[in-house]
Amino acid sequence: MRIPRGELRRSRVVDDAAAVLRAVLDEELTGYVVFEPQDALLLGETTRGVVTFEDGVPVLAYDTEREVGGRDGLEGFAVTGPTRAAVHAVDADALADAHEVEEFRVPPGEPARVLAGDERLAERTTDAAPAARREEGRDRSAVEAFLADADAIEEIRSEAREEARARASEWGLDDVLADDVGDSAAIEPGPDSR
Amino acid sequence: MVEAFAVASGKGGTGKTTSTLALGMALAEDYDVTVIDADTGMANLLFHAGLDDADVTLHDLLIDERDAAVSDAVYERFGMSVVPCGTSLAAFEAADPGRLRDVVAELAADTDVLLLDSPAALGSKSAVLPVVLADRIVVVLQPTVPSLSDGLKVQEYAHSYGTDTAGVVFNRVRPDENVDAIAEQAGRYFGGQTLASVPESDAVRAARREGKPLLAHAPDDPAADAFREAAARLDVRDGDGRDVAERFKSAVAPERI
């Protein structure tokens with residue numbers, strides 16, 4: 001993938017890709033961010049990926065080491081832990097050609113979702129995207145991929161369970177908590193047990 | 001008999017209020033239905049039900065010194081008993097969420113089905129109470145990742161309080177979205193059944209502008225048909241109003257957030 005070289009705005013190591021994506025969204029960057037997960041570096045591997053942006057909204061993602069783009073590309077550099085993020089600004093016209101490479105495009109909220117696991121930011125990014133691009137966020141395959149990831153869903157659910165219990169104490173609702181809510185992932189369909 | 005359903009979504013914009021009133025009107029064909037706007041912080045049911053100018057609302061019942069009778073806040077509209085909530089921020093702040101329990105218990109004594117239009121949030125006691133008080137929840141989802149994710153969260157909160165899932169309504173479904181595959185996958189995580197897939201419809205906005213529930217404004221619209229289908233699939237259970245009242249009484253310590 002060819003992206004015109006941009007003007008480096010800043011380069012720093014961050015704990016969370018969400019912070020970078022949020023800042024880029026707020027400043028409505030047109031350009032690209034190079035992500036280099038630091039853990040991989042320690043292991044002697046190079047992992048590096050690029051996400052391009054138009055007015056703060058992600059357009060393309062590309063794993064420069066594996067040479068894979070799009071959502072699969074994103075997953076290549078979605079590594080937890082500190083990441084060096086180098087933010088570059090590029091003239092919008094200069095990026096236009098690169099942005100036409102259909103197979104590297106990602107829905108606006110996808111980098112926040114995949115790189116940072118941040119649904120709220122994904123949603124905010126989608127809301128900030130032009131109308132035509134918001135539709136991409138509703139692409140059915142993203143929903144199906146989300147639902148197919150049973151581990152990720154169990155994580156959402158177990159976090160919500162813990163949060164519900166913690167807040168019940170805060171709100172004095174302790175004594176109405178159900179005793180029998182187990183840790184099982186599956187809910188049996190059919191008659192329920194109240 | 002009475003069964004209390006919280007109509008919940010976790011996320012705004014899924015059409016929860018539209019769904020609550022549509023399910024209410026459809027269920028009112030067979031049952032005595034009472035609809036309560038339990039979204040006390042961001043009430044909007046009154047606009048959907050032509051009750052913008054209601055004198056007494058749920059807020060008055062939740063504020064100690066207002067001294068209003070529950071029946072003063074009940075309006076017979078569209079074949080249902082409707083309890084709207086006011087939109088004043090001051091009233092919301094003065095309201096004691098714990099009193100919702102007594103209001104709901106009193107209303108439960110005299111109806112078949114209670115529908116609680118619940119807040120699209122989980123961050124406060126007043127937002128969570130409808131889900132705590134209900135027998136079961138109906139989760140209103142859009143076929144999007146954020147909506148499914150928030151729906152899962154609200155379901156976990158409900159289950160933590162022993163409130164089961166009656167079913168899921170996929171709402172605002174666009175023509176190019178085939179919800180069947182998504183519903184089948186989602187069924188692994190959501191309890192109950194898929195009640196309906198409701199198509200996105202201009203009639204919903206028009207109904208809101210006119211201050212009428214969808215089923216009153218456009219009874220023949222495909223979205224209205226889908227909501228009737230959802231109501232028909234909802235297996236309303238016999239409950240004892242006194243049990244509900246008792247449970248509520250023992251449930252919630254009446255305290256401010």
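The values are calculated or read from the model by the stated rules, or taken from the named source; none is laboratory data. What you are looking at is a predicted structure, and each value in this text was computed from that prediction instead of being measured. All Cβ positions, glycine included, derive from the backbone under ideal geometry; neighbour counts span all protein chains shown.
Screening residue B:138 with (1) assigned to a helix (DSSP H, G or I); (2) of a type in the set (Val, Ile, Thr); (3) under 21 Å from residue B:192 (Cβ atoms) gives one miss only, at (1). Residue under question is residue B:151, and the condition is that it be in a loop (DSSP other than H, G, I, E, B) and either within 7 Å of another protein chain (Cβ to nearest Cβ) or crowded, with 23+ Cβ neighbours inside 10 Å (or both); does it hold? Considered against the rule, which asks whether it is in a loop (DSSP other than H, G, I, E, B) and either within 7 Å of another protein chain (Cβ to nearest Cβ) or crowded, with 23+ Cβ neighbours inside 10 Å (or both), residue B:151 comes out as no.
Here's the yes/no breakdown for (1) modelled with pLDDT under 90; (2) more than 24 Å from residue B:44 (Cβ to Cβ); (3) part of a helix (DSSP H, G or I):
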position	(1), (2), (3)
B:168	no, no, no
B:181	yes, yes, yes
B:190	no, yes, no
B:208	no, no, yes
B:216	no, no, yes
B:224	no, no, yes
B:231	no, no, yes
B:249	yes, yes, yes
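Has segment B:227-241 got at least one residue that is aromatic (Phe, Trp, Tyr) and within 13 Å of another protein chain (Cβ to nearest Cβ)? Outline the logic, then answer.
At the first step, the residues of segment B:227-241 found to be aromatic (Phe, Trp, Tyr) are B:227.
Now restrict to residues that are within 13 Å of another protein chain (Cβ to nearest Cβ): none.
No, there is no match, as no residue in segment B:227-241 is aromatic (Phe, Trp, Tyr) and within 13 Å of another protein chain (Cβ to nearest Cβ).
Residue-level check: of (1) within 14 Å of chain B (Cβ to nearest Cβ); (2) touching a Pro at 6+ places or on another chain (Cβ under 7 Å), residue A:79 misses just (1). When residue A:109 is tested against (1) away from every other protein chain (no Cβ under 13 Å); (2) within 21 Å of residue A:72 (Cβ to Cβ), only condition (1) is not met.
All of (1) assigned to a helix (DSSP H, G or I); (2) within 14 Å of chain A (Cβ to nearest Cβ); (3) among the small types (Gly, Ala, Ser) hold for residue B:90 with one exception: (2). Pairing residues of segment B:162-176 that are at the interface with chain A (Cβ under 8 Å from one of its Cβ atoms) with residues that are in a strand (DSSP E or B) and not aliphatic (A, V, I, L, M), at Cβ distances under 6 Å and at least 6 apart in sequence or on separate chains, gives B:164/B:136.
With respect to (1) surrounded by 24 or more Cβ atoms within 10 Å (Cβ to Cβ); (2) facing another protein chain (nearest Cβ under 8 Å), the lone exception for residue B:107 is condition (2). Test residue B:49 against the stated conditions and say whether it is within 17 Å of residue B:140 (Cα to Cα) and of a type outside the set (Phe, Trp, Tyr). Spelling it out, it is not the case that residue B:49 is within 17 Å of residue B:140 (Cα to Cα) and of a type outside the set (Phe, Trp, Tyr).
Scanning segment A:156-181 for residues that are farther than 13 Å from residue B:157 by Cα and either at pLDDT below 85 or within 7 Å of chain B (Cβ to nearest Cβ) (or both) yields A:171, A:172, A:175, A:179, A:180.
Selection over segment A:70-103 of residues that are farther than 18 Å from residue A:21 by Cα and either in contact with a helix residue (DSSP H, G or I) (Cβ under 6 Å, 6 or more places away or on another chain) or outside the structural domain of residue A:33 (by TED's automatic domain parsing) (or both) gives a count of 1. I want to confirm something. Restricting to segment A:97-132 and keeping residues that are of a type outside the set (A, V, I, L, M), at pLDDT below 90 and part of a loop (DSSP other than H, G, I, E, B), which single residue is surrounded by the most Cβ atoms within 10 Å (Cβ to Cβ)? Of everything passing the filter in segment A:97-132, A:118 is surrounded by the most Cβ atoms within 10 Å (Cβ to Cβ).
When residue A:93 is tested against the conditions (1) in a helix (DSSP H, G or I); (2) surrounded by fewer than 17 Cβ atoms within 10 Å (Cβ to Cβ); (3) at pLDDT below 85, the lone failure is (3).
Here residue B:157 fulfils each of the conditions (1) within 25 Å of residue A:108 (Cβ to Cβ); (2) at the interface with chain A (Cβ under 8 Å from one of its Cβ atoms); (3) buried (at least 21 other Cβ atoms within 10 Å of the Cβ); (4) not aliphatic (A, V, I, L, M) apart from (1). Looking only at residues in segment B:81-116 that are over 14 Å from the mean Cα position of the chain (by Cα) and polar (S, T, N, Q), the one that is nearest to residue B:23 (Cα to Cα) is B:111.
Condition (residue is touching a Leu at 6+ places or on another chain (Cβ under 6 Å) and not small (Gly, Ala, Ser)) applied to segment B:118-127: is it met by at least one residue?
no
Candidates B:39, B:30, B:53: the one that is closer than 30 Å to residue A:119 by Cβ, of a type in the set (D, E, K, R), at pLDDT 90 or above and out of contact with any Gly (no Cβ under 9 Å at 6 or more places or on another chain) is B:39.
Can you tell me which residues in segment B:123-135 are over 11 Å from the mean Cα position of the chain (by Cα) and in contact (Cβ under 8 Å) with a residue 24 or more places away in the chain? Give the steps one after another, and end with the answer.
As a first pass, look at segment B:123-135 and keep what is over 11 Å from the mean Cα position of the chain (by Cα): B:123-129, B:132-133, B:135.
Residues satisfying the conditions are B:124, B:125, B:126, B:127, B:128, B:129, B:132, B:133, B:135.
Tell me, yes or no, whether segment B:143-150 has at least one residue that is more than 14 Å from residue B:8 (Cβ to Cβ) and touching a Ser or Thr at 6+ places or on another chain (Cβ under 6 Å). Looking through segment B:143-150, none of the residues is more than 14 Å from residue B:8 (Cβ to Cβ) and touching a Ser or Thr at 6+ places or on another chain (Cβ under 6 Å).
Can you say whether residue A:144 is within 12 Å of another protein chain (Cβ to nearest Cβ) and either part of a helix (DSSP H, G or I) or under 28 Å from residue B:127 (Cβ atoms) (or both), as far as the supplied structure shows? Talk me through it step by step, then tell me what you get.
On the way: within 12 Å of another protein chain (Cβ to nearest Cβ): yes; either part of a helix (DSSP H, G or I) or under 28 Å from residue B:127 (Cβ atoms) (or both): yes.
So residue A:144 fits the description; yes.
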